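**Q** One structure follows; several queries about it will come next.
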Amino acid sequence: MSLSTDNQYFLNQFNELASQFLSELNTRQVAKFNTNAPKMTLLQEERSNTNAVELLRQHVLPYLSASAGPRYWGFVTGGANPAALFADWLVSTFDQNVSKDGDSIASAIERQALLWLRELFYLPDTFNGIITTGATSANFLGAVIAREYAGKQQAISVSQQGMQGLSVELFSASPHASMIKSLGLAGFGQQQITVVNTIDGTEQMDVSHLAQQLTNSTAKSKIVIASSATVTATSFDDLHAISALCKQHQAWLHVDAAFGIFERLVNGENGKTQGIDLADSITVDFHKWLNVPYDAGAIFTRHPDIHEQSCNVDAPYLTNDGPFPAFLSLGIENSRRFRALPIWLTLVRYGRDGISAWVDRNIALAKELANWLAQQDNFELVIECQLNVVVFRPVLPQLNSTQADIFTRSFLQKLNQAGVVFLTPGSWEGKQVIRAALSNWQTTQEDIELAKASLQHCFLQLTNE
Ligand SMILES: *Cc1c(COP(=O)(O)O)cnc(C)c1O
């Protein structure tokens, strides 16, 4: 048997195109602007392989970002480590449907990946879960499982009967936008969060205020949403204290630890995430600091029964006789990509040491960039760098606060257009700020030097205009 000629053609093209893209990743303009889809209409007839690939080369390839590269520091963005990238290519080739056991090893590999991840993050073996498309879908599932738990406390099966009559209150201090979105999707409503105060100068929950609010709540069920860590100040909530309060009030504790959980690779169980093992559910992202390609994350929970009840549906053709719950009963999709494979191969190839090395390096480089910014006359370090996020803004002494915000926005635009780095905006204590989040496996000292030069250059250009 031989490969079909079409497959052979595309495989060869793939090798060439992927090699070209990867080799240019470090030198191309980091972000592209004003990108429009090609002016092409849908054709009735087929095109040749050559023609189709040529159109892709011409109309798509030049307009991509280097978000997988070492200097895309917007949002919180990882790259694709080589082993994960290889595995991801294979995922499409293998084209397995990881909905349930019974036809391949894929579900077993996903379970093994989850078990290793649990070990990687020093989570007790009471935690189980499912690989998701990212932290947003993990937060959504967290909300869905918490909803089922609240129902159970009130003898309502939410998955079966809906939320009618459910009495529940949600508490959070600095929820990620995706968490707010998830509360809307899960039927709680985006505006139904009781906002807990933060400790001054941070995004960390004020635990005494939470205690007061939980005591004052008249809702029959309570859900607390904590963070490890937030995306601007990288604040970690005090999970020991919060979980104790949750226990006292029989409240569900969900922790959004999308990228903050990786701090455990540096400081272990007694670092800033101390107490995360007491959470009821935990969100983790893998296309950020684990550096696997989009899209991958996970939800972990200590309540496997409630998890399964919340997502299961009975259908004769979906019966599962195996000892493990089917993944289709633990998540959103019935049919699912073999998303676990790039994670599995990353863990096989790099191990704890390899992954910790890039996490360590990102933190050290972020701190160095922050120290440098703090020493510059033209820049102000707005928040002390605690982890991998650097929050700063350019300064001109004679500007009032409105002008300073405008100047910061213009500076960011200029910097991103220069194409050496890509950063994204934020807001801190009413001020427009710029965030640089380092989470790519490839970022080195050299990238920091290139960034410093571009920061200075763009500042001078803007002030001389
Ligand atoms: C990135 C992030 C999310 C959303 O994750 P996606 O991967 O974009 O779905 C949620 N919470 C936190 C804290 C994050 O950093």
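**Q** Among 72-82, 454-464, how do they line up from the highest to the lowest mean number of other beta-carbon atoms within 10 Å?
**A** Taking the mean over residues of other Cβ atoms within 10 Å, the ranking is 72-82, 454-464.
**Q** So, by mean Cβ neighbours within 10 angstrom, what's the order for 87-95, 108-116 with the highest one leading?
**A** On the way: 87-95: 14.9, 108-116: 18.1.
So the peptides 87-95, 108-116, ranked by packing, come out 108-116, 87-95.
**Q** Let me ask you something else. Report the FRET efficiency, 1/(1 + (r/R0)^6), for residue 375 and residue 197, where r is their Cβ-Cβ distance and R0 is 41 Å, rounded to 0.05.
**A** Details: r = 33 Å, r/R0 = 0.81.
Efficiency for this residue pair is about 0.75.
**Q** Pick out, from 62, 83, 99, the residue whose Cα sits farthest towards the positive end of the charge dipole of segment 1-105, with +1 on the Cβ of Lys and Arg and -1 on the Cβ of Asp and Glu.
**A** 62
**Q** Rounded to whole Å and ordered largest first, report the semi-axes of the equivalent ellipsoid of the chain derived from its Cα gyration tensor (root of 5λ).
**A** 36, 33, 20
**Q** Suppose only helical runs count, i.e. DSSP H with n ≥ 4. What mean residue ellipticity at 222 nm does that imply for the chain under -39500 (n - 2.57) per run, divided by all residues and rounded to the nearest 500 deg cm²/dmol?
**A** -13500 deg cm²/dmol
**Q** Out of the chymotrypsin sites (Phe, Trp or Tyr not before Pro) in segment 312-371, which ones are loop residues according to DSSP with at most 12 other C-beta atoms within 10 Å?
**A** Numbers: sites: 317, 327, 338, 344, 350, 358; in loops: 338.
Hits after loop and neighbour filter: nothing returned.
**Q** For segment 79-158, report the convex hull volume of the alpha-carbon atoms normalised per residue, in Å³, without decimals.
**A** On the way: hull volume 11.4 nm³, N = 80.
Hull volume over Cα atoms, normalised by residue count, gives 143 Å³.
**Q** Further question on the same structure: Over segment 151-264, what is the percentage of antiparallel beta bridges among all DSSP beta bridges, to the nearest 5? Don't skip to the end; give the middle numbers.
**A** Working: 2 of 15 bridges.
Here the share of antiparallel DSSP bridges comes out near 15 percent.
**Q** While we're here: Loop-only check: which GluC sites (Glu not before Pro) in segment 42-84 are DSSP coil with at most 10 other Cβ within 10 angstrom?
**A** On the way: sites: 45, 46, 54; in loops: 45, 46.
Those satisfying the criteria are 45, 46.
**Q** So in the chain, what percent of DSSP beta bridges are antiparallel if you round to the nearest 5?
**A** Working: 25 of 42 bridges.
Restricted to the chain, the bridges split so that about 60 percent are antiparallel.
**Q** What is the Cα centroid distance between segment 34-61 and segment 324-403, reported in whole angstrom?
**A** One Cα centre to the other: 35 Å.
**Q** So what is the accessible area of the chain per residue, in Å², with the probe set to 1.4 Å? List each step's numbers first, then the result.
**A** Values: 21540 Å² over 465 residues.
Here the per-residue accessible area is 46 Å².
**Q** So, one more: Where the accessible area of segment 12-162 is counted over protein heavy atoms with a 1.4 Å probe, how much of it, in %, is carbon and sulfur? Could the numbers behind the result be given before it?
**A** On the way: 4080 of 7740 Å².
Ligands and nucleic acids excluded, carbon and sulfur give 53 percent.
**Q** How big is Rg to Rh over segment 228-370, alpha-carbon atoms, Rh as the Kirkwood inverse-mean-distance radius?
**A** Numbers: Rg = 17.5 Å, Rh = 17.3 Å.
With Rg and the Kirkwood Rh in hand, the quotient comes to 1.02.
**Q** For residue 445 and residue 10, calculate 0.36 nm times their separation in residues minus their Cα-Cα distance, and state this gained length in nm to one decimal.
**A** Once the chain is fully extended between residue 445 and residue 10, it gains 152.9 nm.
**Q** How much net charge surrounds residue 383 when only other residues with a Cβ under 13 Å from its Cβ are counted (Lys, Arg +1; Asp, Glu -1)? All intermediate terms of the calculation are to be shown ahead of the outcome.
**A** Numbers: positive: 367, 393, 431, 435; negative: 200, 203, 380, 384, 429.
Result for the local shell: -1.
**Q** While we're on this one: Among 297, 346, 365, which residue has its Cα furthest toward the positive end of the charge dipole of segment 273-414, with +1 on Lys/Arg Cβ and -1 on Asp/Glu Cβ?
**A** 365
**Q** Put a dot 7 Å past each Cα toward the Cβ at residue 208 and residue 163; how far apart are the dots in nm?
**A** So the two model labels end up 3.3 nm from each other.
**Q** Pulled fully out, how much extra length does the chain show between residue 220 and residue 406, if you take 0.36 nm times their separation in residues and subtract their Cα-Cα distance? Numbers along the way, then the final one.
**A** Values: separation 186, 0.36 × 186 = 66.96 nm, distance 4.70 nm.
Length gained, residue 220 through residue 406: 62.3 nm.
**Q** Which of the trypsin sites (Lys or Arg not before Pro) found in segment 181-243 are in a DSSP loop and have at most 12 neighbouring Cβ atoms, other than their own, within 10 Å?
**A** Values: sites: 181, 220, 222; in loops: 220.
When the trypsin sites (Lys or Arg not before Pro) of segment 181-243 are filtered for loop state and at most 12 Cβ neighbours within 10 Å, nothing remains.
**Q** Taking only the alpha-carbon atoms of segment 182-309, what semi-axes of the equivalent ellipsoid follow from 5 times the gyration tensor eigenvalues under a square root, in whole Å, largest first?
**A** 23, 18, 15
**Q** Express as a percent, rounded to the nearest 5, the fraction of DSSP beta bridges in segment 229-353 (both residues included) that run antiparallel. Before the final figure, lay out the partial values.
**A** Details: 5 of 8 bridges.
Around 60 percent of the beta bridges assigned by DSSP in segment 229-353 are antiparallel ones.
**Q** Okay, moving on. Can you send over the carbon and sulfur percentage of the accessible area for segment 248-309, probe radius 1.4 Å, protein chains only? Let's see the in-between values first.
**A** Working: 670 of 1770 Å².
C and S atoms contribute 38 percent here.
The values are calculated or read from the model by the stated rules, or taken from the named source; none is laboratory data. None of the values given here were measured: they were computed from a predicted structure. Note: ideal-geometry Cβ built from the backbone for every residue, glycine included; neighbour counts use all protein chains shown. SASA here: full protein model, heavy atoms, side chains in, ligands and nucleic acids out. Shrake-Rupley method; radii C 1.70, N 1.55, O 1.52, S 1.80 Å.
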